[in-house]
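Input: a single structure, listed below in structure tokens.
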Amino acid sequence: MSQSSKIALALHGGAGARKGRDYSKADAHLYGLAERGRDMLAGGQSALDTVEELVAAMEESGLYIAGKGASPNNAGYAELDASIMASALGEDGDNDFKRNAGAIAAVKHLKYPVRAARAVMDKTPHVMLAGRGAENFCAQNGFEFVSDPEAYYVVPVGVLPHEMTQAELGHGTVGAVALDQAGRLAAATSTGGVFGKLEGRVGDTPLIGSGSWADEFVAASCTGLGEYFILAGGAQDVASRVLYQGATLNQATAALIKDVGRLGGDGGVIAVSREGEVAFAWNSDGMKRAGFGPDQELFAATF
Ligand code: ASP
């Protein structure tokens, strides 16, 4: 296994922040999670376990449009998507790598979608489960569903998108990317999707390559209008630009977001590289984010 004592982490809580609004609660939450992630990685835990834990913490916080904070679809209930991916180098360096991924899509009222995505990765020969089959898989594997959706969700179940105020709209997907001491990279992303989405609509978040990507060089997680991230290539596009074009991580993330913008979309992306670079790019007013790296002091910010 390739050893690098460098550790790095980036988190996002969505790129739907609007100027003039107060995100101090989310900033403080993300700062605390970045510290927790630093402790996990510094203590030798894997990038994979770290991104799963941090995304699960964001899902249960109610501060983002994921998990407890998820918004209902146009039929009035929350449908959740999540993905997770990890890579590792073997004895033979770049010729000997492993990748693994799992995802769930359009699952109703699941409490920790990212943990279910991890279970798809660990316990099945598949990469993605969707809809009723995914719900059955989650139930069979003991994953918790929200027992009282009326009481649990921040945006009440049954509220239809057209009944919501503009202030409630925005992208609030959550994501985490990390580099661990063994040089392994991981990415995880979780969402309730976009406001006003049709029942059954699936965006970029659970798609490996679009919402999340982690190869041996780069891990990335996206947030924004998912349709545009799918059309622009999403998280894997960042890694490809680094690998094939020799772009820096900053250039690669900026280039993806430029393409998303050209197509008419908005949103953001976070990424880490196996060298420990950390990058954040967005074209909306702001992106709730936090992170640290060898050359990046731990921080949290929205604008
Ligand atoms: N990307 C997510 C989706 O399209 C939404 C978001 O990032 O807020 O489902």
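The values are calculated or read from the model by the stated rules, or taken from the named source; none is laboratory data. Bear in mind that the values here come from a model prediction, so they are computed numbers and not experimental data. Every residue, glycine among them, receives a Cβ derived from its backbone with ideal geometry; neighbour counts consider all protein chains shown. Heads up: the accessible areas ignore ligands, DNA and RNA and are worked out on the full protein's heavy atoms, side chains in. Shrake-Rupley method; radii C 1.70, N 1.55, O 1.52, S 1.80 Å.
First compute the accessible area of the range 170-240 with a 1.4 Å probe, then give the percent of it belonging to carbon and sulfur atoms. That fraction is 54 percent.
Pull out a ≥ b ≥ c, the square roots of the eigenvalues of the alpha-carbon gyration tensor of the range 29-93, then state rounded if a/c is under 1.5, prolate if not and a/b is larger than b/c, and oblate in the remaining case. Intermediate results must be reported in sequence, preceding the final value.
Details: a/c = 4.95, a/b = 1.73, b/c = 2.86.
Cα axes put the range 29-93 in the oblate bin.
Normalised by the residues of the range 221-303, what does the relative contact order come to in percent, with Cα pairs under 8 Å and at least six apart? After rounding, I find 25 percent. Using alpha carbons only, the radius of gyration of the range 1-150 set against its Kirkwood radius gives Rg/Rh = 1.01. Multiplying the residue separation of Glu60 and Arg36 by 0.36 nm and subtracting their alpha-carbon distance yields 7.1 nm.
Once the GluC sites (Glu not before Pro) in DSSP loops with at most 13 neighbouring Cβ atoms within 10 Å are cut out of the chain, the longest remaining piece is 200-303. Can you give me the % of accessible surface on the range 61-127 that is carbon or sulfur? Probe 1.4 Å, all protein chains present, nothing else counted. Summing carbon and sulfur atoms, their accessible area is 45 percent of the total for the range 61-127.
What does the extension gain come out to for Glu227 and Ser5, with contour length at 0.36 nm per residue minus their alpha carbon separation?
Length gained, Glu227 through Ser5: 76.2 nm.
With 10 Å bins beginning at zero, the pair-distance distribution over Cα atoms of the chain amounts to 7, 32, 38, 19, 3, 0 %. Note that the range 3-66 shows a convex hull volume over its alpha carbon atoms of 90 Å³ per residue.
Hey, could you get me the Stokes-Einstein D for the range 158-303, Kirkwood radius over alpha-carbon pairs, 25 °C and 0.890 mPa s, rounded to whole µm² s⁻¹? For these conditions, the coefficient is 160 µm²/s.
Solvent-accessible surface of the range 218-303, averaged per residue with a 1.4 angstrom probe and all protein chains in place: 39 square angstrom. With the simple spin-label model, which puts each label point 7 Å out from Cα in the Cβ direction, the Asn100 to Glu144 separation comes to 2.4 nm.
Working note: Karplus 6.51/-1.76/1.60 with θ = phi - 60° gives the range 86-93 the couplings 9, 9, 8, 8, x, 4, 9, x Hz, where Gly and Pro are set to x. Exceedance of the 29 Å cut-off in Cα-Cα distance is limited, within the set Lys6/Lys98; Lys98/Lys288; Lys197/Lys288; Lys98/Lys197, to Lys98/Lys288; Lys98/Lys197. For the chain, the residue among Gly234, Asn141, Val51 whose Cα projects farthest onto the positive side of the dipole built from Cβ charges is Gly234.
With a cut-off of 14 Å on the backbone N, the residues of the range 191-219 near the modelled label site 7 Å out from Asn74 along Cα-Cβ are 194-202.
Compute the FRET efficiency between Glu199 and Asp92 as 1/(1 + (r/R0)^6), taking r as their Cβ-Cβ distance and R0 = 41 Å, and round to the nearest 0.05. The value I calculate is 0.30. With a simple spin-label model that places each label point 7 Å from the Cα along the Cα-to-Cβ direction, the separation between Asn136 and Asp122 comes to 2.3 nm. Taking a spot 7 Å from the Cα of Arg262 along the direction of its beta carbon, which residues of the range 200-238 have an amide N less than 20 Å from it? Only 210-211, 222-238 fall inside the zone, counting backbone N under 20 Å. Surface composition of the range 1-52: carbon and sulfur atoms hold 47% of the protein heavy-atom accessible area at a 1.4 Å probe. In this structure, the amide hydrogen of Gly90, modeled 1.01 Å from its nitrogen in the peptide plane, lies closer than 5 angstrom to those of Asp96, Phe97, Lys98, counting only residues at least 5 positions away or on a different chain.
Given q = 0.15, 0.19, 0.20 Å⁻¹, what are the Debye log10 I(q)/I(0) values for the range 58-109, with equal point scatterers placed on the Cα positions and solvent ignored? After summing over all Cα pairs, the log10 values are -0.56, -0.69, -0.72. At a probe radius of 1.4 angstrom, the accessible area of the range 58-148 per residue rounds to 41 square angstrom. Taking Cα atoms only, the orientation of helix 47-61 departs from the longest principal axis of the chain by about 20 degrees. Residue separation of Thr248 and Lys25 scaled by 0.36 nm, minus their Cα-Cα distance, works out to 77.1 nm of gained length.
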